[in-house]
Amino acid sequence: MLHAEDRTSRDRVRHSTASNVNREIDRQTNSNIRRYANSSEEVINRRIEELDQEWDIERALEANASTLALTGLLLGLTVNRKWLALPTVVLSFLLQHSLQGWCPPLPLLRRLSVRTRGEIDREKYELKALLEGR
């Protein structure tokens with residue numbers, strides 16, 4: 001039986017991502033933590049603020065899907081009805097992602113180092129721990 005944390009988006013996305021891509025994202029996150037480890041409190045706090053603003057994979061997928069769906073709808077209503085296929089395809093991908101944690105754009109976004117909220121938060125909380133340890 002799966003634990004609640006195993007069913008989270010973070011785990012579904014990581015499970016659906018190629019292991020070499022996950023390793024590269026983890027390597028970059030660890031590199032970020034090491035780079036900021038010897039920084040001033042001000043610099044670390046600025047990085048934490050940046051992490052709070054970083055778009056996670058869910059937000060990126062939702063924004064892209066919404067943009068494409070609305071574009072297809074607009075073009076379908078004004079140019080040619082064939083454009084209505086675009087929102088159908090995009091929304092089916094979004095549904096697939098919500099059910100399975102995978103959709104066709106996911107591998108591309110992950111290769112572009114778009115992280116899950118859990119991956120972003122890991123960096124954030126490790127930086128906060130560095131500040132508390134001072």
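The values are calculated or read from the model by the stated rules, or taken from the named source; none is laboratory data. As the structure is a prediction and not an experimental result, all values here were calculated from the model. Please note: Cβ atoms are built from the backbone with ideal geometry, for glycine as well, and neighbour counts cover all protein chains shown. Areas reflect the complete protein model, heavy atoms only, side chains present, ligands, DNA and RNA absent. Shrake-Rupley method; radii C 1.70, N 1.55, O 1.52, S 1.80 Å.
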Karplus-derived HN-Hα couplings along the stretch 117-134 (A = 6.51, B = -1.76, C = 1.60, θ = phi - 60°), whole Hz, x at Gly and Pro: 4, x, 5, 5, 5, 4, 5, 4, 6, 5, 5, 5, 5, 4, 5, 5, x, 7
Rounded to the nearest 20 debye, dipole of the chain from Cβ charges on Lys, Arg, Asp, Glu: 480
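Got a number for carbon plus sulfur as a percent of the chain's accessible area, 1.4 Å probe?
Values: 4910 of 8680 Å².
That fraction is 56 percent.
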Based on the Cβ-Cβ distance of Asp11 and Glu42, what FRET efficiency does E = 1/(1 + (r/R0)^6) give at R0 = 41 Å, to the nearest 0.05? 0.75
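What ranking do 67-74, 81-88 get when scored by the average of other Cβ atoms within 10 Å per residue, highest first? Walk me through the numbers before you get to the answer.
Details: 67-74: 15.2, 81-88: 13.8.
So the order, starting with the most tightly packed, is 67-74, 81-88.
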In whole Hz, the Karplus estimates of ³J(HN,Hα) for the stretch 82-96 (6.51, -1.76, 1.60; θ = phi - 60°; x where Gly or Pro) are 4, 5, 5, 5, 4, x, 4, 5, 4, 5, 5, 5, 5, 5, 4
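Solvent-accessible area per residue for the stretch 43-83 at a 1.4 Å probe radius, Å²?
On the way: 2780 Å² over 41 residues.
With all protein chains present, the stretch 43-83 gives 68 Å² per residue.
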Which Cα, out of Leu84, Leu94, Leu112, lies furthest along the positive dipole direction of the stretch 74-128 (beta carbon charges, K/R +1, D/E -1)? Leu84
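At 25 °C and a viscosity of 0.890 mPa s, what translational diffusion coefficient does Stokes-Einstein give for the chain, taking Rh as the Kirkwood radius over Cα pairs? Give it in µm²/s as a whole number.
Numbers: Rh = 16.7 Å.
D, rounded to a whole number, is 147 µm²/s.
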Cα point-scatterer Debye curve for the stretch 56-134, base-10 log of I(q)/I(0) at q = 0.11, 0.12, 0.25, 0.26 Å⁻¹: -0.42, -0.47, -1.08, -1.12
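Take the Cβ-Cβ distance between Arg111 and Thr88 as r, set R0 to 30 Å, and report the resulting FRET efficiency rounded to the nearest 0.05. The partial results should precede the final answer.
Values: r = 26 Å, r/R0 = 0.86.
With R0 = 30 Å, the Cβ-Cβ based efficiency is 0.70.
So how strong a dipole does the stretch 56-113 carry about its Cα centre when Lys and Arg Cβ are +1 and Asp and Glu Cβ are -1, to the nearest 20 debye?
Numbers: 5 positive and 3 negative charges, 44 e Å.
Dipole about the Cα centre, nearest 20: 220 debye.
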